[in-house]
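Each remark here refers to the structure printed beneath this line.
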Amino acid sequence: MTACFAGLAGTILLGASLSYGQAPMNTCLDCHSVLPEPFGVTSDKFSHDIHEQKGLTCASCHGGDPTSSDPTVAMSPKKGWKGHIDHKQVPALCASCHANPVYMKTFNPSLRTDQFSEYHTSVHGQKFATGDTKVAVCTDCHSVHDLRAPSDPLSTVNPVNVAKTCSKCHADPDYMKPYGIPTDQYAKYNTSVHHDAMVKRGDLSAPTCTTCHGNHGAVPPGVDKVQNVCANCHVFQAQMYQKSTHSKVFAEKGLPGCVVCHTNHGIQMPSDAMLSTGPAGVCMRCHTRGDVCDRARENILNNLTTLDHNIKEADEALKLAEASGMEVSAATLNQAAATDAITKARVTIHTYDPALVNADIQVGMKIAAANLKAGQDAMVEREHRRIGLGVCLIAICFMLVGLWLYIKQIER
Amino acid sequence: MIAALIHWLDERLHLEGLLAPFKHKTVPQHKMSYWYFFGGITLFLFMVQVLTGILLLLYYHPGANEAFESVQYIVTQVQFGWLIRSIHSWSANLMIFTAFAHMFSVLFLKAYRKPRELTWVTGVLLLFLVMGFGFSGYLLPWNTLAFFATTVGTQMAGQVPFIGHAMMIFLRGGPEVTGATLTRFFGFHVAVLPGIVTVLIGVHLFFVQRQGMSVPPKVEAEWKKDPSLVKEMKFFPNFALRELMAWYVGMGMLGGLAAMFPWNLGVKVDPFASAPAGIKPEWYFLFMYQALKLIPSKVLIFDGEVLGIVGCGIAATVWLLLPFFDTEKPSRRSHVITGLSVFALVFMIGMTIYGYLAN
């Protein structure tokens, strides 16, 4: 008897050890991998899903018995089979796990579990609560059956892909017609400096839709809160703007801070032309030509233009000196300080105080002037060297002629 | 006054006896006599290297944290530092060129034949040491090109069978090129190599003075047949004055190159960065480097690179002992050696040009 029990226990242990590490049975795919849409889910597709990778099966969401090959058993309501999950059932279904900290901790203790509660605060969630079935639910953004982790470059919610995911609805004029909001955000974002940083330079920390609007709790920032959003990255500009006259005036007039000059979705690389009176200029949208602000604008623009010109002039002089073989690496390196000064001056514009901007400009002017002098001095030195060489070569020629004549004399 | 000084020294050192051979020394005059100047020009350039090297030594700091900055200081802050540094760099390249020219002139004029075998041996050893000077000195500015060229060069030395790895560790002062390599190369460049080369030059010149200048076999045969055809000039002052003219021309060339094409300082090396694309050694190693690149990675059962390095070693040994393979009188073997010498020259020039075009 004891031997029987030992044998049985051993068999069970052997079976358990053999099955350890193997994926749980999921007979659903036996049929559903060959069925046409909308019932078809291939094994290959599901293999990319993070739920499958963590050991969950179709039954984890749809219910039923994934171990049975008999459809009547596998899809039996008695086994908890739910069938197709309706759009409006999705948030609650996902939240049944994702809002359960105890359960989620078994997979990844650092994962947040407040997405569902955040969703209720979002515009999507609020409209969903009124019965609107057009608004986004979890699967609209995260996909379904091939739901990848956000860090996966192919994930629909990877930073590189977020804007495209949002655009599925927000760039569709017909779809968004009932809501009366623009549908050009995606097109504008694709022309923006933030998009270039993300997509062209590969900077995944660059802003995308969710950076400013939030993800699960997505709302457009309020007019009076825009600068708070921008300030998360553009700290110095925001601090300066906060202390400036514009901040108070814009707040009083209900104008959206940074967006007034820089727009929102299609933010372009700022340039000194924004201070001009030309088409790219922003100041004249509010101010009058000739008023004190216009004069301040002109003063700042002139000084920036002069500094920019001086830096370029110094660059040219140093390049010429270097191409001529002169050693000007110290001055060339110092040009970075001049570039830093003009960058700082362009940040200080957000104080709208010419005196403060000019203080930074003067620092840059001094450095650029010193570097220009270094380049010019190098070229003067180059000329001196060539004159010196000429004198030495003439002396050597005289020596050669002298030696030749002496040789001729002694050999006569 | 000079005569009085010479007399004062002669009373004490018996200079008459020492200088007598030089007063009687003659230099053969024939169509190929101008090749005789190359040895002296190489010696002149070596003296320029010693002088400019000593001046550079007053300011150079041989450490990974200081070397580049000290060279930068020399070329920007020290009066005429730019000139001394550029002359030192250009003179190094010119010296290697004239050493090769001198070696090939001796080779084609068969000046290495009996009794001048040892002069050839010391000369080839001097050529190898001069290339060692170039290799060790190249690292001292501690810029990107120098660092990676040294990495590649010492890695090639590591391919020598059996002793290669130990040799590489010895050269580098460790498994990688680091500050330890720099200080080691500095020691080689300013102490070890100058000491050995000075002794070898002394020996080489002693042999030349003792045995006189060689005459090409054809000219020798003609002069033997008809002694009235023998033409010679006195070494001192006639040839010496002409040599002095050549030295002045060399001086002018060096000054011109230094002033018009100052040697580039480069960028301080970042040892953790990857090697720049198309990195290649200096021109005097390029023919070897390019030839090694052309060898397939596997030749029968042998590693291609190892085979190439061993081949270079064998070629260098044959080169060193060439006089002992040749015959004193013109013969078929002698003609074969001349043919191989032409091939060697064409190969070196061709591979150097190819190396520049390919990279």
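Within the span defined as the range B:246-262, one or more residues are under 21 Å from B:Q49 (Cα atoms), at the interface with chain A (Cβ under 10 Å from one of its Cβ atoms) and in a loop (DSSP other than H, G, I, E, B). Considering every residue within the range A:299-312, establish whether at least one is in contact (Cβ under 8 Å) with a residue 24 or more places away in the chain and closer than 30 Å to B:P262 by Cβ. Yes, that holds for at least one residue. Restricting attention to the range A:145-185, the residues that are touching a residue at least 40 places away in the same chain (Cβ under 8 Å) and either hydroxyl-bearing (S, T, Y) or not in a loop (DSSP other than H, G, I, E, B) (or both) add up to 8. Taken together, A:T106, A:T57 contain a single residue that is among the β-branched types (V, I, T) and either at positive phi or without any contact (Cβ under 8 Å) to a residue 12 or more places away in the chain (or both), which is A:T106.
Residues that are surrounded by fewer than 18 Cβ atoms within 10 Å (Cβ to Cβ) and more than 20 Å from the chain's Cα centre (by Cα) are absent from the range B:184-202.
For B:A99, the requirement of being modelled with pLDDT under 95 and buried (at least 20 other Cβ atoms within 10 Å of the Cβ) is not met. Scanning the range B:75-84 for residues that are within 27 Å of the chain's Cα centre (by Cα) and more than 10 Å from chain A (Cβ to nearest Cβ) returns a single hit, B:I84.
Residue count for the range B:46-74 under the criterion of being within 12 Å of chain A (Cβ to nearest Cβ) and in contact with a Ser or Thr (Cβ under 8 Å, 6 or more places away or on another chain): the result is 1. The residue list A:R382, A:R386 contains one member that is among the charged types (D, E, K, R) and buried (at least 16 other Cβ atoms within 10 Å of the Cβ), which is A:R382. Counting only residues that are in contact (Cβ under 8 Å) with a residue 60 or more places away in the chain and not in a helix (DSSP H, G or I), which one in the range B:32-71 is farthest from the chain's Cα centre (by Cα)? Residue satisfying both the conditions and the ranking: B:N65. When each of A:R295, A:R346 is tested for being assigned to a helix (DSSP H, G or I), among the basic types (K, R) and either under 30 Å from A:S167 (Cβ atoms) or modelled with pLDDT of 95 or more (or both), the lone residue that passes is A:R346. If you go through the range A:186-195 and keep only what is free of Cβ contacts under 8 Å to residues at least 40 places away in the same chain and either among the acidic types (D, E) or not in a helix (DSSP H, G or I) (or both), you end up with just A:N190. Regarding A:M326, is this residue under 42 Å from the mean Cα position of the chain (by Cα), part of a helix (DSSP H, G or I) and either touching a residue at least 12 places away in the same chain (Cβ under 8 Å) or away from chain B (no Cβ under 14 Å) (or both)? No; evaluated as a whole, the condition is false for this residue.
The values are calculated or read from the model by the stated rules, or taken from the named source; none is laboratory data. Since the model is a prediction, treat every value here as computed from it, not as a measurement. As a convention, Cβ positions derive from the backbone with ideal geometry for all residues, glycine included, and neighbour counts pool all protein chains shown.
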